[in-house]
Amino acid sequence: MSADMENPKAEEEQKGTGSASPANETQATWYSGLLKQTSIYGIAAGYCISASLLSIINKWAIMKFPYPGALTALQYFTSATGVLVCGWCKVLEHDSLDLLTMWRFLPAAIMFYLSLFTNSELLLHANVDTFIVFRSLVPIFVAIGETLFLHQPWPSLKTWLSLSTIFGGSVLYVLTDLQFTVMAYSWALAYLVSMTIDFVYIKHVVMTIGLNTWGLVLYNNLEALLLFPLELLIMGELKKIKHEISDESDWHSFAVVLPVGLSCLFGLAISFFGFSCRRAISATGYTVLGVVNKLLTVVINLVIWDRHSTFIGTVGLLICMLGGIMYQQSTSKPKAVPEVKAEQTDEEQQKLLEMQSNIESNNNEKEATQSNQGK
């Protein structure tokens with residue numbers, strides 16, 4: 001009797017625990033989903049803020065600290081140190097430093113250094129609008145460079161239409177640019193050439209050396225930092241900095257340290273949030289965020305700076321951005337459903353081969369036993 005009395009109680013307790021577990025699982029699932037959505041929105045917001053403000057802050061920093069080489073060197077140091085510290089804290093994974101890999105990566109680091117250096121010089125001599133227009137022109141020459149040097153197929157008609165839209169918007173901007181100077185557009189052309197070579201060669205490096213994402217960031221910034229002393233001697237920035245120090249200028253004041261520090265931090269932040277965004281959201285969502293970032297940059301530039309383009313020039317800038325959207329849509333690849341099917345078929349074929357080998361081995365065993373019995 002006592003056992004019969006205990007069994008219903010045990011069954012009731014099991015039912016109670018069984019009814020409580022789905023509720024706990026639902027609550028845990030809801031909580032984890034909320035955390036995931038919050039992290040995605042936080043990463044997207046961080047990427048929008050860092051990407052839209054980076055050009056503005058770089059312009060502010062180069063106006064207060066007019067030494068492009070020294071500014072880019074500080075950015076390299078911050079990014080390389082940030083990757084090393086985050087790797088040490090197990091926040092991210094990067095490739096270990098290797099002298100042979102550093103030697104193979106050196107040409108890419110040189111082009112990366114030149115692209116950021118010409119970027120700073122362009123922001124020093126021109127407004128942000130001019131920088132965005134010439135940055136939008138880069139895909140035209142990258143598409144040609146990939147075809148000629150990386151043996152990629154020529155872009156499709158849809159891609160050429162988007163590139164033509166970018167080119168038309170840039171021509172409209174240049175023709176209406178009232179702040180046109182030979183110095184500014186010379187640095188713009190140098191920036192365009194260096195960025196094109198950098199993009200094409202970096203793709204070659206990614207295809208051949210095999211570094212992961214944060215390994216590329218580490219090698220890029222560390223080797224570019226090592227090139228800074230050479231730039232000091234060639235461009236003569238060392239003499240200028242010594243002159244500023246001897247004159248006891250306010251280069252070390254808070255008004256200079258703040259934009260320079262923000263420029264370095266935002267350079268590291270855009271790397272972190274950019275790579276995190278690529279993992280967290282779809283390619284379409286990443287494209288939309290890129291468009292929002294450029295629009296925010298244009299709006300902020302119109303609000304805070306006196307030196308910006310005319311109304312027609314702004315229209316040309318928006319046409320360039322529209323062409324950029326069309327370009328990203330034309331080059332975006334569909335989801336790799338055929339590859340999944342191919343993997344499935346490969347697995348199925350492998351299973352069939354294993355089954356056939358098992359059947360053949362079983363047949364051989366049967367034949368062997370039959371022959372032994374016959375003997």
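Structure summary
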| item | result |
| --- | --- |
| Bins of 10 Å, starting at 0 and running to the largest distance - Cα pair percent for the range 127-270 | 9, 24, 34, 24, 8, 1 |
| With all protein chains modelled, accessible area of Thr38 [1.4 Å, Å²] | 80 Å² |
| 14 Å beta-carbon shell around Leu74, net charge (K/R +1, D/E -1) | -1 |
| Assigned charges on the beta-carbon of Lys, Arg, Asp, Glu; the range 75-177 dipole about Cα centre (debye) | 140 debye |
| Area accessible to solvent at Ser194, 1.4 Å probe radius, in Å² | 10 Å² |
| Long-range HN-HN contacts of Asn212 with modeled amide H, under 5 Å | Asp95 |
| Leu189/Thr147 FRET efficiency (R0 25 Å; Cβ-Cβ; nearest 0.05) | 0.70 |
| Label-to-label distance, nm, for residues given as Phe180 and Val303 (7 Å Cα→Cβ offset) | 3.1 nm |
| Under the Karplus curve 6.51 cos²θ - 1.76 cosθ + 1.60, θ = phi - 60°, whole-Hz ³J(HN,Hα) for the range 261-266, x wherever Gly or Pro sits | x, 5, 4, 5, 5, 5 |
| 10 Å-binned pair-distance histogram of the range 68-203 (Cα, whole percent) | 11, 31, 32, 21, 5, 0 |
| His252 - accessible surface, heavy atoms, 1.4 Å probe, Å² rounded to 10 | 120 Å² |
| Gyration tensor (alpha-carbon) shape descriptor, the range 64-121, a/c threshold 1.5 | oblate |
| For the range 147-231, alpha-carbon Rg over 2.2 N^0.38 Å | 1.45 |
| Additional length obtainable on full extension of the chain from Ile209 to Leu233, 0.36 nm per residue less Cα span | 5.5 nm |
| Positive-pole candidate from Ser162, Ile197, His252, dipole of the range 121-270, charges at beta carbon | Ser162 |
| The range 71-100: chymotrypsin sites (Phe, Trp or Tyr not before Pro) in DSSP coil with no more than 12 other Cβ atoms inside 10 Å | none |
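The values are calculated or read from the model by the stated rules, or taken from the named source; none is laboratory data. Treat the numbers as computed from the prediction; the structure is a model and nothing was measured. All Cβ positions, glycine included, derive from the backbone under ideal geometry; neighbour counts span all protein chains shown. Heads up: the accessible areas ignore ligands, DNA and RNA and are worked out on the full protein's heavy atoms, side chains in. Shrake-Rupley method; radii C 1.70, N 1.55, O 1.52, S 1.80 Å.
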